[in-house]
1. Can you spot a residue in segment 137-151 that is more than 15 Å from the ligand (Cβ to nearest atom), part of a helix (DSSP H, G or I) and surrounded by 13 or more Cβ atoms within 10 Å (Cβ to Cβ)?
2. Kindly list, by first and then second residue, each pair from a residue in segment 47-67 that is under 22 Å from residue 142 (Cβ atoms) to a residue that is modelled with pLDDT under 95, limited to pairs with Cβ atoms under 8 Å and residues at least 6 apart or on different chains.
3. Consider segment 18-35. How many of its residues are under 14 Å from the mean Cα position of the chain (by Cα) and surrounded by fewer than 19 Cβ atoms within 10 Å (Cβ to Cβ)?
4. Can you find even one residue in segment 97-108 that is out of contact with any strand residue (DSSP E or B) (no Cβ under 9 Å at 6 or more places or on another chain), modelled with pLDDT of 95 or more, more than 8 Å from the ligand (Cβ to nearest atom) and within 20 Å of residue 10 (Cβ to Cβ)?
5. Consider only pairs whose beta carbons are under 9 Å apart and that are at least six residues apart or on different chains; among these, list those whose first residue lies in segment 100-127 and is free of Cβ contacts under 8 Å to residues at least 40 places away in the same chain and at positive phi and whose second residue is more than 9 Å from the ligand (Cβ to nearest atom) and outside any loop (DSSP other than H, G, I, E, B).
6. Checking the conditions here, which among 65, 39 is modelled with pLDDT under 95 and either crowded, with 21+ Cβ neighbours inside 10 Å or more than 16 Å from residue 123 (Cβ to Cβ) (or both)?
7. Give me a count of the residues in segment 90-112 that are under 21 Å from residue 17 (Cβ atoms) and not in a helix (DSSP H, G or I).
8. Residues of segment 110-129 being within 17 Å of residue 50 (Cβ to Cβ) and either in contact with a strand residue (DSSP E or B) (Cβ under 9 Å, 6 or more places away or on another chain) or exposed (fewer than 13 other Cβ atoms within 10 Å of the Cβ) (or both), which ones?
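The values are calculated or read from the model by the stated rules, or taken from the named source; none is laboratory data. Just so it is clear, the model here is predicted, and its values are computed rather than measured. Quick reminder, even Gly has a Cβ in these numbers, built from the backbone with ideal geometry, and neighbours come from all protein chains shown.
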Ligand code: ADP
């Protein structure tokens, strides 16, 4: 059984994240979207809200489930018996960071392999960080968000 973990903050989930998960569905038997809980981080949306948004998007995808996770992603993968991590790459900055993360996770995660999907060009400018700025500033973030959410 090929299980992949897609970890992130998803504060909030964007159409960029959704696209990565949808493209990964044919590659794996199961994808667990692991929503991060980090007491040091200040989120715009609560853990419950972030999970609820994702569950609504993937309601009809049997292979996709949503969970929360605290601590090291590599340990979470081992606990779930997931041999793969799924990540999206938007640009060179993502690459530099993700390269290190993937190399370290491979060691501490007992050989967990990170699978990268390069975002399609129409999504590569979208980040949760900037979407939060739009929302906080009272702008319309709906072009970046999955249909039907936050409206
Ligand atoms: P983190 O807090 O770990 O950066 P994010 O929720 O921002 O979590 O992102 C989770 C994953 O989704 C990362 O692999 C990130 O590169 C990817 N991702 C985020 N936005 C996009 C996008 N627009 N296109 C493709 N991948 C994306």
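1. Within segment 137-151, one or more residues are more than 15 Å from the ligand (Cβ to nearest atom), part of a helix (DSSP H, G or I) and surrounded by 13 or more Cβ atoms within 10 Å (Cβ to Cβ).
2. 53/149; 53/150; 56/148; 56/149; 57/149
3. Taking segment 18-35 and keeping what is under 14 Å from the mean Cα position of the chain (by Cα), we get 18-25, 31-35.
Still in the running and surrounded by fewer than 19 Cβ atoms within 10 Å (Cβ to Cβ): 18-19, 22-23, 25.
Total meeting the criteria: 5.
4. There is at least one residue in segment 97-108 that is out of contact with any strand residue (DSSP E or B) (no Cβ under 9 Å at 6 or more places or on another chain), modelled with pLDDT of 95 or more, more than 8 Å from the ligand (Cβ to nearest atom) and within 20 Å of residue 10 (Cβ to Cβ).
5. Matching pairs, first to second residue: 110/74; 110/77; 110/78.
6. Numbers: 65 fails: modelled with pLDDT under 95.
Of 65, 39, the one residue that is modelled with pLDDT under 95 and either crowded, with 21+ Cβ neighbours inside 10 Å or more than 16 Å from residue 123 (Cβ to Cβ) (or both) is 39.
7. Within segment 90-112, residues that are under 21 Å from residue 17 (Cβ atoms) and not in a helix (DSSP H, G or I) number 3.
8. Keep residues of segment 110-129 that are within 17 Å of residue 50 (Cβ to Cβ), which gives 126-129.
Scanning segment 110-129 gives 128, 129.
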